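What follows is one structure encoded as structure tokens, with my remarks underneath.
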Protein chains: 2
Amino acid sequence: MGNGDTGVSDGAVDLVAEIRGDAVESVHRGHVAICDGAGQVVEAWGNPSVLIYPRSSCKMVQALPLLESGAGARLTQAQLALACASHQGAAEHTQAVGRWLDALGMGETDLRCGAHMPYSDAAKADLIRAGEGPCQLHNNCSGKHAGFLMLARHLNAGREYVDPDHAVQLAVRRAFEEVTEMESPGFGIDGCSAPNFRTRLDALAGAMGRFAAARTGGGVRADAMVRLREAMAAEPLLVAGEGRACTDLMEAMGGQVAVKTGAEAVYVAIVPELERGVAVKIVDGGVRAAEAVIAKLLVRLGVLDAGAPVAQRLTEGPFRNCRGIVTGRREVMLT
Amino acid sequence: MGNGDTGVSDGAVDLVAEIRGDAVESVHRGHVAICDGAGQVVEAWGNPSVLIYPRSSCKMVQALPLLESGAGARLTQAQLALACASHQGAAEHTQAVGRWLDALGMGETDLRCGAHMPYSDAAKADLIRAGEGPCQLHNNCSGKHAGFLMLARHLNAGREYVDPDHAVQLAVRRAFEEVTEMESPGFGIDGCSAPNFRTRLDALAGAMGRFAAARTGGGVRADAMVRLREAMAAEPLLVAGEGRACTDLMEAMGGQVAVKTGAEAVYVAIVPELERGVAVKIVDGGVRAAEAVIAKLLVRLGVLDAGAPVAQRLTEGPFRNCRGIVTGRREVMLT
């Protein structure tokens, strides 16, 4: 930066309008890529080749080495869902990650994700009433980090598994570049301290297309992809939490589709029955818009019922104020 | 809407870049208007004539009839600051509004703003520990509504003071259209249930310019404008709360400038020493960007020290994750 590089803004199109009364109050722009099982773009809005940080939307990619190495051969669907999760730190999440670490003979202090207040209102209230602060198990990425720890031990590698040149992160980068079929131009440090590799949006959608097209028996990578996407779709509550968009969307689609959000308004979907992968980036990082666009795309693809409460809530509203009065609505512009 | 009306998006320019590692991750577009004391545009970015909802940024305008009617002649600076506030529902806010209502012989149930959880973490924790829910005093607009109630009583008008055709709201609309020097094309219902009148961004900045140029003894309106802007600047903690951008900015400027945020990323400033009014709208509603742009504008205008902690925090970062590692920074592009 400093040289006017605003690449993520270039070629973006208006995707979401926030409407108050009868007028548009705010607008979100973005980019969308939909790819087939070979990673080819089949439909796009905006600039599908924009470079982005996938953030947490690529956790299923970051989990590939855990399975492909054999380290996670015996992991349950619940554990694999947690490895791919941005969970809200509710009891079901923190306890399951805690048990996983126990089983490894490790503990919360072995994590390198840091502690933040859980997103779950109930978990937050529990901590406040107990007069306690959050621990690293509450970090939304603690499941991914449990997976990293398991892989680090399998590789006989050191404890600082988030270092970009640690064997775990080198393996993640290799898997990431293979499934996106491009060399990453670099990485940033994510909220959880792990490196997050940049890629093109269509390359990310292509990776999701390959996850969608993978079939059991198609080799080590295909087997890992099937296990991860099926674990996410089978355990939507563990991937995010009660009331969260990822959870509600996957529940509404009855386990047929895996979706994942990433910070700064990235969203991906894996649709096996259509062999399609989807990736969305909202230029301004507005989460409400990423949720609206992915939901509308899933409706367009025919895998989410337009009348499902979560589809209505994310794509249209209406929105009410704290006295129950309708103040506005939303419109997703995918023409 | 439904006809492709995305007016708020038209002519917007990139204003804020969110940077992770060495790459731009997200970008916010917007519009800026700076007006002189006569309401004329002296500098602008994007499209200064864009139509917007000012939301809570116009609370000092909504408070004009309270003073101009004589109803609020004896109000303290603290009460006037609360009338212009989007406060965070901390004890200092709820208790002061409660006392104001008491003095009117009224109470919390006379408010029509609705209840929402306070933004203040401490106040939220207090409610959770007490096992209580929020009341209408916690609503960030409860001070504005106390002012509305006081005016309604003065006008011998009915209890439903948020109805758009109630005498209070008719008076607000009249004052709003006078200081913006344009007829509002319509209103939406705000989060607090009061009507919020649309206007052009440059008309809002022009109104702020008039607030900045007003001098005591210049008539009923000028006197009211001076009292309100001085109350805001003198009581920054009451206008927002500890750690909030409005509070920290006004404290850093030592009572010389009044600033006010509005939902969906509107921000205004009143700079009496320069006779300038400023209005900002970020197209996507991103609050971090509105805060960054107003802070950078105040630095450019020479009324905020670029080295002040609040200026650094809002305009540049660096930003750290929960382990204290620098992950990124921000750049405001006001060229």
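Things to note:
- For residue A:50, the residues 5 or more places off, or on other chains, whose built amide H falls under 5 Å of its own are A:201, A:202.
- The stretch B:224-317: relative contact order as a whole-number percent, Cα under 8 Å and 6+ apart: 20
- C-alpha center-to-center spacing [the stretch B:212-259, the stretch B:1-67] in angstrom: 21
- Take residue B:223, move 7 Å from Cα toward the beta carbon, and the resulting point lies 8.6 nm from the same point in each other copy, nearest first.
- Annotation: amide H-H contacts under 5 Å for residue A:42 (H modelled 1.01 Å from N, sequence separation of 5 or more, or interchain): A:34, A:35, A:36.
- Here the stretch B:13-332 is treated as a Stokes sphere of Kirkwood radius computed over C-alpha pairs; at 10 °C and 1.306 mPa s its diffusion coefficient rounds to 81 µm²/s.
- Gain upon complete extension [residue B:335, residue B:222; 0.36 nm per residue less C-alpha separation]: 37.3 nm
- Within the stretch B:151-225, trypsin sites (Lys or Arg not before Pro) in DSSP loop having at most 16 other beta-carbon neighbours inside 10 Å: B:159, B:215
- Of every Cα-Cα pair in the protein assembly as shown, the percent that sits beyond 31 Å: 54
- Comparing A:132, A:235, A:108 in a Gaussian network model of chain A (Cα springs below 10 Å), the most mobile by mean-square fluctuation is A:132.
- Residues considered: A:90, A:103, A:269. Largest GNM mean-square fluctuation over chain A, using C-alpha springs under 10 Å, is found at A:103.
- Inter-copy spacing of residue B:325 label points, which lie 7 Å from Cα along Cα→Cβ, given in nm from shortest upward: 4.8
- Simple Cβ-charge dipole of chain A, Lys/Arg +1 and Asp/Glu -1, about Cα centre, in debye nearest 20: 280
- Chain A: most fluctuating residue of A:68, A:273, A:316 per GNM, C-alpha cutoff 10 Å: A:273
- Sorted shortest first, the separations between the residue A:185 label point and its copies elsewhere in the assembly read 3.8 nm; each point sits 7 Å from Cα along the Cα-to-Cβ line.
- Placing unit charges on each Cβ (+1 for Lys and Arg, -1 for Asp and Glu) gives the protein assembly as shown a dipole about its Cα centre, and among B:27, A:142, B:332 the Cα reaching farthest toward its positive end belongs to A:142.
- The stretch B:154-261 shape via C-alpha gyration tensor axes, a/c threshold 1.5: prolate
- Any cysteine of chain B lacking a neighbouring Cys Cβ under 4.7 Å - listed by number: B:35, B:58, B:84, B:135, B:246, B:322
- Only lysine pairs 8 or more places apart, or on different chains, with alpha-carbon atoms under 26 angstrom apart are counted in the protein assembly as shown, and they number 26.
- Magnitude of the charge dipole, the stretch A:95-243, Cβ model with Lys/Arg +1 and Asp/Glu -1, debye to 20: 260
- Top positive-direction residue, dipole computed over the protein assembly as shown with Cβ charges, set A:118, A:280, A:191: A:118
- Counted by Cβ distance under 12 Å from residue A:233, the other residues give a net charge of -1, where Lys and Arg count +1 and Asp and Glu count -1.
- The stretch A:123-188 versus the stretch B:105-172: alpha-carbon centroid distance in Å: 46
- Normalised contact order of chain A, rounded percent, pairs of Cα under 8 Å and 6 or more residues apart: 24
- Interchain or long-range residues, amide H under 5 Å from residue B:13's placed H: B:30, B:46, B:47
- Assigned charges on the beta-carbon of Lys, Arg, Asp, Glu; the protein assembly as shown dipole about Cα centre (debye): 500
Where a number appears in this text, it was derived from the coordinates with a stated rule and is not lab data. Computed from a prediction, not measured in an experiment: that's the story for all the values here. Glycine also receives a Cβ, built like all others from the backbone with ideal geometry; neighbour counts cover every protein chain displayed.
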